[in-house]
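Input: a single structure, listed below in structure tokens.
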Amino acid sequence: MSAPPPVPAGPTETVGNDDAARASLEALRSEIAKAVVGQDPAVTGLVVALLCRGHVLLEGVPGVAKTLLVRALAASLDLDTKRVQFTPDLMPSDVTGSLVYDARTAEFSFQPGPVFTNLLLADEINRTPPKTQSSLLEAMEERQVTVDGTPRLLPDPFLVAATQNPVEYEGTYPLPEAQLDRFLLKLTVPLPSRDEEVNVLTRHADGFNPRDLVSAGVRPVAGPADLESARAAVAKTTVSPEIAGYVVDICRATRESPSLSLGVSPRGATALLSTARAWAWLTGRDYVIPDDVKALALPTLRHRIHLRPEAEMEGVTPDSVITAVLAHVPVPR
């Protein structure tokens, strides 16, 4: 399929604003690199999630800079951030906030919880019981928290970056499918290469302190205004009927895979289209091509499918299933 013609850009000032917003977001890579070595795919995924107003599940073993990555992103975007360590005794009100009695006024007042921030780091989210995990569902989906029947809006932008350990399951509570589906992306944070690990040690030997990002030189290179301009530009990115059909065909193919007991839902198809549009805009285009869909298929879909037990025993993984689907679904020309 030939590329669709570009959408008319409109006023020159709008084009300039779009280019400035894209340049600001692209500058995040070099700024975050002052604190985090490597992990470019995870950085890109977090930016895509911000553009799509989505949330991210970060999966990796302890010590691969998941927390540092989120903190560096918040510092580079000049966003407020809070961290919650999820534990078995954490209560829902510890996340959302609660009503507190004020003896001076003899009235109850609302004390906001850590969810009232721009970027919430939910550390080891699978270590807390389902009741507390579910306290995030309304916040993630509706961008609000209801306490005592009163809804309270969350700040904008708002993103939940949750982490979990893929190898230690003792004492954990696996996230239910309904909650996993609320995450726009599931990003894997791998161990660094040898050269990257040497770089990490060299930085620490030179005095780098991961708890002091200011001394590391991390500064805001973009802000909420840039993010809002970028979101408006992404919303204007053209999606042809052929691309929409390609996304649908990929998702429908997962539902027919013999290795899966649960395929991608229509919500997953919508998510894939959204992330592909954001990626297309980040790469400088105002229309989506099949390569954009392929580039975001794994992080957008890997947590939305469920393997059959027999396939899992044979070593099949969600990523291998999605890769096979991408290889067999016809690409529009």
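The residues of the stretch 288-333 that are under 26 Å from LEU58 (Cβ atoms), open to solvent by 20 Å² or more (accessible area, probe 1.4 Å) and basic (Lys, Arg), listed by number, are LYS294, ARG302. Give me the residue from the stretch 108-123 that is open to solvent by 10 Å² or more (accessible area, probe 1.4 Å) and under 15 Å from the mean Cα position of the chain (by Cα) and, out of that set, farthest from PRO224 (Cα to Cα). Of everything passing the filter in the stretch 108-123, ASP123 is farthest from PRO224 (Cα to Cα).
Among the conditions (1) open to solvent by less than 30 Å² (accessible area, probe 1.4 Å); (2) within 28 Å of LEU298 (Cα to Cα); (3) over 17 Å from the mean Cα position of the chain (by Cα), ARG127 misses just one, which is (1).
Looking only at the stretch 191-213, which residues are open to solvent by 100 Å² or more (accessible area, probe 1.4 Å) and touching a residue at least 60 places away in the same chain (Cβ under 8 Å)? Can you show your working first?
Kept after step one, since they are open to solvent by 100 Å² or more (accessible area, probe 1.4 Å), are these residues of the stretch 191-213: 191, 194-195, 201, 206, 211.
Residue satisfying the conditions is LEU191 alone.
Among the residues of the stretch 64-80, write down those that are open to solvent by 30 Å² or more (accessible area, probe 1.4 Å) and either assigned to a helix (DSSP H, G or I) or at pLDDT 90 or above (or both). THR67, ARG71, ALA75, listed by residue number. Quick check on my filter: what residues within the stretch 72-88 are touching a Pro at 6+ places or on another chain (Cβ under 9 Å) and closer than 24 Å to LEU137 by Cβ? If the condition is that a residue be touching a Pro at 6+ places or on another chain (Cβ under 9 Å) and closer than 24 Å to LEU137 by Cβ, then LEU79, ASP80, LYS82, ARG83, VAL84, PRO88 are the ones that fit.
For the stretch 65-80, does any single residue satisfy the condition of being farther than 19 Å from VAL218 by Cβ, out of contact with any strand residue (DSSP E or B) (no Cβ under 9 Å at 6 or more places or on another chain) and of a type in the set (D, E, K, R)?
Within the stretch 65-80, the subset farther than 19 Å from VAL218 by Cβ is none.
The answer is no; no qualifying residue exists.
Within the stretch 95-107, the set of residues being crowded, with 18+ Cβ neighbours inside 10 Å and either at pLDDT below 90 or in a strand (DSSP E or B) (or both) comprises just one member, GLY97. Of the helices (runs of 4 or more DSSP H) lying entirely inside the stretch 263-333, the ones with 3 or more residues being among the small types (Gly, Ala, Ser), in contact (Cβ under 8 Å) with a residue 12 or more places away in the chain and under 23 Å from GLU242 (Cα atoms) are found at 266-282.
Pairing each residue of the stretch 133-146 that is free of Cβ contacts under 8 Å to residues at least 60 places away in the same chain with any residue that is among the hydrophobic types (A, V, I, L, M, F, W, C) and in a helix (DSSP H, G or I), provided the two are 6+ apart or on different chains, yields C-beta distances under 7 Å for GLN133/ILE125; SER135/VAL95; LEU136/VAL95; VAL145/ALA139. Restricting the first member to the stretch 237-259 and to residues that are more than 13 Å from HIS328 (Cβ to Cβ) and open to solvent by less than 30 Å² (accessible area, probe 1.4 Å), and the second to residues that are assigned to a helix (DSSP H, G or I) and not aliphatic (A, V, I, L, M), the beta-carbon pairs closer than 8 Å and six or more apart or on different chains are THR237/ARG277; THR237/TRP281; ILE243/PRO290; CYS251/PRO266; CYS251/GLY268. When the stretch 150-179 is limited to residues that are of a type in the set (A, V, I, L, M, F, W, C) and under 18 Å from LEU119 (Cα atoms), the one that is farthest from the chain's Cα centre (by Cα) turns out to be LEU153.
The values are calculated or read from the model by the stated rules, or taken from the named source; none is laboratory data. The structure presented is a predicted model; accordingly, all values stated were derived computationally and were not measured. No Cβ is skipped: glycine too gets one built from the backbone with ideal geometry, and neighbour counts run over all protein chains shown. For the accessible areas, the whole protein counts, side chains as well, though only heavy atoms, and no ligand, DNA or RNA atoms are used. Shrake-Rupley method; radii C 1.70, N 1.55, O 1.52, S 1.80 Å.
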